[in-house]
Amino acid sequence: MARIIAVANQKGGVGKTTTAINLAASFAAAKLNTLLIDCDPQSNSTSGLGLGKDAERNSTYKLLVGECDAHSALQKTDLEHLFVIPAHKNLVGINFELIDAENREFRLRDGLAPLREKFNFIVIDCPPALDLLTLNSLVAADSVLITMQAEYFALEGISELLDTIERIRSGLNPILAIEGVLLTMFDDRTNLAQQVTAELNRFFGEKLFATTIPRNVRLAEAPSHGKPVLLYDPKSRGAESYIQLAKEIIPKHVPGFVAFPDAAKEEAPPAESPAEEKQVVNGPKWRRLRDRNKLVTMNLKG
């Protein structure tokens, strides 16, 4: 049975979508069948995996209103083990369209039920609001992964989310747990970051992930190319951080599975012969090769 993880925080700009995309991609890179569900009307997870806008395509909107089933909404991605159910801007109207609908809080949970045996992980990208879409996501989920920045206002906002989680436990989803708290856009050089981390560690204890996600240009660039950072720049700090996060989560839910086994060390290239000399490309005008027959002069104007 798939572990369903909702990535949530009612505050915007805290790395929810970036985390949803790249955590799901890291699970898939570990060869675990993974499904990413875009429940945000902005559809950033959809475009971040290279899927364009298509009003006719089956989506989370059609799944929630009962116009399609989950199987028909699955879309392939560039990663073999990663699938996505895309979003559409019509999702913004769900709060009004389902206001009087029967079992409106359970639409996503019931829709995903047939897929749970086909995947190891299902990751839900929630919108930055505590609305019906987030409610559906938390009712469908086994756990919540909370993303936040190491800032003072983030500490205040997280209390509202925790209160919402507690209410859902008491009435709609008693098994809902906190997967963990993830610090994003993290800079450990600042005193504020250190203070917030210490405060979160006292409150959440082991629920605070050891992995932090740094500010990273590659993470910001990857969505514009329609790729997770693992495909855009697998050696970047952002890619390595999300792999580390996946390594923290996978052993809890897939016992005995070894994620990302250490690759064999590549054989070092042969050393250059001391007698050989590299040709200088675009060298400065004062550079001369020792071999007088290969003397190069460059006439640089200005």
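Brief remarks follow.
- Options 59, 72; residue that is small (Gly, Ala, Ser) and in contact (Cβ under 8 Å) with a residue 24 or more places away in the chain: 59
- Residue within the range 243-258 that is in contact with a Pro (Cβ under 8 Å, 6 or more places away or on another chain) and either in a loop (DSSP other than H, G, I, E, B) or of a type in the set (Phe, Trp, Tyr) (or both) present: yes
- Some residue of the range 171-182 being under 24 Å from residue 36 (Cβ atoms), of a type in the set (S, T, N, Q) and part of a strand (DSSP E or B): no
- Residue ID - modelled with the lowest pLDDT, chosen from residues in the range 129-151 that are open to solvent by 20 Å² or more (accessible area, probe 1.4 Å), touching a helix residue (DSSP H, G or I) at 6+ places or on another chain (Cβ under 7 Å) and not acidic (Asp, Glu): 130
- Neighbours by Cβ (under 7 Å, 6+ apart or cross-chain): first from the range 206-234, closer than 24 Å to residue 151 by Cβ and open to solvent by 20 Å² or more (accessible area, probe 1.4 Å); second in a helix (DSSP H, G or I) and basic (Lys, Arg): 216/237
- Exactly one residue out of 240, 248, 221, 272 is among the charged types (D, E, K, R) and modelled with pLDDT under 95: that is 272.
The values are calculated or read from the model by the stated rules, or taken from the named source; none is laboratory data. Quick caveat, the model's predicted, so the values are computed rather than measured. All Cβ positions, even for glycine, are placed from backbone atoms using ideal geometry, and neighbour counts span all protein chains on display. Note: accessible area is taken over every heavy atom of the protein model, side chains too, but ligands, DNA and RNA are not part of it. Shrake-Rupley method; radii C 1.70, N 1.55, O 1.52, S 1.80 Å.
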